[in-house]
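What follows is one structure encoded as structure tokens, with my remarks underneath.
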Amino acid sequence: MCYNGVYNDIKKFLKSQRNNQYNLGSLADVSVFMKALYEMPRGCKLGYKCTVDAYKSSLVQYEKCTRCRSIAVCRSSPNLVLTSECNKLTLMHFIYFDCE
């Protein structure tokens, strides 16, 4: 499975958290990120009921439901998501605050 869509969703989530001064508590629980996935713009067109077939790698990019894929990754590999959130948070902090 390709995780690029997951990383993009993490980036969107962290940008939204930037206005909340990087609520670090939200990074400790993947369920907060999952809840945000349901609320972020451009979500699932099928009401978040997609199966693996809706985001399998053989589909063309515009046919995939990347939001349901991100939710599936949260369920199956929460540590991957939490680690990625922390890595992106560190990078974004460096870019937005330390390089000004």
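Tell me yes or no: at least one residue of the range 59-72 is in a loop (DSSP other than H, G, I, E, B) and either open to solvent by 60 Å² or more (accessible area, probe 1.4 Å) or modelled with pLDDT under 75 (or both). Yes, some residue in the range 59-72 is in a loop (DSSP other than H, G, I, E, B) and either open to solvent by 60 Å² or more (accessible area, probe 1.4 Å) or modelled with pLDDT under 75 (or both). Name the single residue, out of those in the range 12-58 being open to solvent by 90 Å² or more (accessible area, probe 1.4 Å) and of a type in the set (D, E, K, R), that is modelled with the lowest pLDDT. The extreme case among them is R42. Can we say T83 is surrounded by fewer than 17 Cβ atoms within 10 Å (Cβ to Cβ), modelled with pLDDT under 85 and out of contact with any strand residue (DSSP E or B) (no Cβ under 7 Å at 6 or more places or on another chain)? Considered against the rule, which asks whether it is surrounded by fewer than 17 Cβ atoms within 10 Å (Cβ to Cβ), modelled with pLDDT under 85 and out of contact with any strand residue (DSSP E or B) (no Cβ under 7 Å at 6 or more places or on another chain), T83 comes out as yes. Got a number for residues in the range 39-54 being assigned to a loop (DSSP other than H, G, I, E, B) and under 15 Å from the mean Cα position of the chain (by Cα)? Selection size over the range 39-54: 6.
The values are calculated or read from the model by the stated rules, or taken from the named source; none is laboratory data. Every value quoted in this text rests on a predicted model; they were computed, and no experiment measured them. Every residue, glycine as well, gets a Cβ built from its backbone with ideal geometry; the counts of neighbours run over all protein chains shown. With ligands, DNA and RNA removed, areas are computed over all heavy atoms of the protein, side chains included. Shrake-Rupley method; radii C 1.70, N 1.55, O 1.52, S 1.80 Å.
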